[in-house]
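Derivation of every value follows stated rules applied to the coordinates shown; laboratory data play no part. Keep in mind the model is a prediction, meaning the values are calculated, not measured. All Cβ positions, even for glycine, are placed from backbone atoms using ideal geometry, and neighbour counts span all protein chains on display.
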Amino acid sequence: MKISTLIALLSTTVLGGAADSQIFQWLEGCWVTPDKSAQEVWVVDDHRSLSGFAVTLANNTVRFYEVLKIQQDDDGSWTYTAHPSGQVSTSFRAAEVGTSSALFVNPDHDYPQEIRYRREGSRLLATISSLGGDDPRSFAKEVCD
């Protein structure tokens, strides 16, 4: 399946956006690595959630994908849930949410235990790590053309 087909499938779930989820407006959109081997797309579903999809390609073949969700809970906190290809889904609670960054944490997960997103202009930096930022792996992405 081509990346454009996967993005089109994700985009059909958009219901419109408003209110609370606008705190993540900086994350919304399509992001791609400079070598075009990985892409991530985020859309606002409604006032309490965003949906995301990430895919890694090699030789025009999908090597890894995950379906993502950021959802506001009844208590007003945010939860990030990842459904990686071939693996059990895992949820992370928001420890920090700002106007251009967010940190999600799950100390009970093996790796990663932290997922951080940070927007810098037209660049998105995603970093996964153990608690406290140990053993980090970062992925820089630019706005898709």
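Residues in region 67-77 carry Karplus couplings, in order, of 9, 10, 8, 10, 9, 7, 7, 4, 7, x, 7 Hz; the curve used is 6.51 cos²θ - 1.76 cosθ + 1.60 with θ = phi - 60°, and Gly or Pro positions show x. Here the spin labels are modelled as points 7 Å beyond Cα on the Cα-Cβ line, and at Glu120 and Thr90 they lie 2.5 nm apart. Using the Cα coordinates of the chain, the gyration tensor eigenvalues translate into equivalent-ellipsoid semi-axes of 21, 19, 15 Å, sorted from longest to shortest.
Quick one: dipole size for the chain, taken about the Cα centre, charges +1 on Lys/Arg Cβ and -1 on Asp/Glu Cβ, in debye to the nearest 20. Please list the in-between numbers first.
Working: 12 positive and 19 negative charges, 102 e Å.
Using Cβ point charges on Lys, Arg, Asp and Glu, the chain gives about 480 debye.
Relative to the current alpha-carbon distance between Cys144 and Asp46, full extension at 0.36 nm per residue lengthens the span by 33.0 nm.
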